[in-house]
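Colleague: Provided herewith is a single structure, encoded as structure tokens, for subsequent inquiry.
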Amino acid sequence: MQHPISEIPFAKEDMIGHLEEFYHLYQHRPIKNNHGGQMSAQLFYSWYVAKKLQPAVILESGTFKGQETWAFEQT
């Protein structure tokens, strides 16, 4: 199902419902200092989208320290 760019395809309530799960996951992240890469807000959205869509393949175009790769593996 395609959505217009201006439409958020996820329910805000569902995203809020996943914050606690992400919070506990983030506490155990392997890279504590990821300045220059994704921090918690950006990482939450990347993790959430991967969790909801469950893609068979994820292609990353460059990595900083691998924090996002780790988050994808957790989904």
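The values are calculated or read from the model by the stated rules, or taken from the named source; none is laboratory data. These figures come from a predicted structure and were not determined experimentally. Because the Cβ atoms are built from the backbone with ideal geometry, glycine has one as well, and the counts that use them run over all protein chains shown. Just the protein is used for accessible areas: all its heavy atoms, side chains included, with ligands, DNA and RNA removed. Shrake-Rupley method; radii C 1.70, N 1.55, O 1.52, S 1.80 Å.
Colleague: List every residue pair whose Cβ atoms sit under 6 Å apart, with the two residues 6 or more apart in sequence or on different chains, where the first one lies in the stretch 15-38 and is more than 19 Å from Val49 (Cβ to Cβ) and touching a residue at least 12 places away in the same chain (Cβ under 8 Å) and the second, anywhere, is open to solvent by less than 60 Å² (accessible area, probe 1.4 Å) and of a type outside the set (Phe, Trp, Tyr).
Modeller: Pairs found: Ile31/Gln67.
Colleague: Okay, next question. Open to solvent by 80 Å² or more (accessible area, probe 1.4 Å), modelled with pLDDT of 90 or more and among the aromatic types (Phe, Trp, Tyr): is that true of Tyr23 in this structure?
Modeller: On the way: open to solvent by 80 Å² or more (accessible area, probe 1.4 Å): yes; modelled with pLDDT of 90 or more: yes; among the aromatic types (Phe, Trp, Tyr): yes.
When the stated conditions are applied, Tyr23 passes them.
Colleague: I need every pair where a residue in the stretch 61-75 that is open to solvent by 90 Å² or more (accessible area, probe 1.4 Å) has its Cβ under 8 Å from the Cβ of a residue that is assigned to a loop (DSSP other than H, G, I, E, B) and of a type outside the set (A, V, I, L, M), sequence separation at least 6 or different chains.
Modeller: Phe64/Asn34; Phe64/Gly36; Phe64/Gln38; Lys65/Asn34
Colleague: Right, another one. Can you name every residue in the stretch 6-20 that is exposed (fewer than 14 other Cβ atoms within 10 Å of the Cβ) and either in a helix (DSSP H, G or I) or not polar (S, T, N, Q) (or both)?
Modeller: First, the residues of the stretch 6-20 that are exposed (fewer than 14 other Cβ atoms within 10 Å of the Cβ): 6-9, 11-14, 16-17, 19-20.
Of everything in the stretch 6-20, those that are exposed (fewer than 14 other Cβ atoms within 10 Å of the Cβ) and either in a helix (DSSP H, G or I) or not polar (S, T, N, Q) (or both) turn out to be Glu7, Ile8, Pro9, Ala11, Lys12, Glu13, Asp14, Ile16, Gly17, Leu19, Glu20.
Colleague: Still on this model: Tally the residues that are farther than 19 Å from Tyr26 by Cα and either in contact with a Lys or Arg (Cβ under 7 Å, 6 or more places away or on another chain) or open to solvent by less than 90 Å² (accessible area, probe 1.4 Å) (or both), restricting the search to the stretch 49-60.
Modeller: 3
Colleague: Take the residues in the stretch 27-48 that are open to solvent by 30 Å² or more (accessible area, probe 1.4 Å), modelled with pLDDT of 90 or more and in a helix (DSSP H, G or I); name whichever of them is nearest to Ile8 (Cα to Cα).
Modeller: Among those residues, the one meeting the criterion is Tyr45.
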